[in-house]
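> Below you will find the structure I want to go over with you.
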Amino acid sequence: MIEFVPDIPRWRQVAEVIRQRIKDGTYPPRTRVPSVLQLTEEFGIASMTAHKVHRALRAEGLIYTEPGMGSFVSRDLA
């Protein structure tokens, strides 16, 4: 779990952690990123907050979702 900054929405803070993990190679291209359930457990956030994290990262093109398979790091991040 991380220590949340009060003035920044939690979903933005968690999205930044996942962004950094993608950037540093913790989650390489085409590998699965934590599910909504995994985010709720790891960061102690509500499921709606975790959904916002996924939506934001998809909107940025950092991840994509395969129905029934999960969410993955996008292929073209160079």
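> Residue under question is Asp7, and the condition is that it be modelled with pLDDT under 95 and open to solvent by 60 Å² or more (accessible area, probe 1.4 Å); does it hold?
Values: modelled with pLDDT under 95: no; open to solvent by 60 Å² or more (accessible area, probe 1.4 Å): yes.
The answer is no for Asp7.
> Let me ask something else. Which pairs turn up if I take residues in region 57-78 that are free of Cβ contacts under 8 Å to residues at least 12 places away in the same chain and look for partners that are among the basic types (Lys, Arg) and in a loop (DSSP other than H, G, I, E, B) with beta carbon separation below 9 Å, at least 6 apart in sequence or on another chain?
Cβ pairs passing all conditions: Tyr64/Arg75.
> Within region 19-35, is even one residue crowded, with 18+ Cβ neighbours inside 10 Å and over 18 Å from Asp76 (Cβ atoms)?
Yes: region 19-35 contains one or more residues that are crowded, with 18+ Cβ neighbours inside 10 Å and over 18 Å from Asp76 (Cβ atoms).
> Under the condition of being open to solvent by 30 Å² or more (accessible area, probe 1.4 Å) and in a loop (DSSP other than H, G, I, E, B), which residue from region 36-61 is nearest to Glu16 (Cα to Cα)?
Glu60
The values are calculated or read from the model by the stated rules, or taken from the named source; none is laboratory data. Everything numeric in this text was worked out from a predicted model, so none of it was measured. Here Cβ is always computed from backbone atoms with ideal geometry, including for glycine, and neighbour counts include all displayed protein chains. Just the protein is used for accessible areas: all its heavy atoms, side chains included, with ligands, DNA and RNA removed. Shrake-Rupley method; radii C 1.70, N 1.55, O 1.52, S 1.80 Å.
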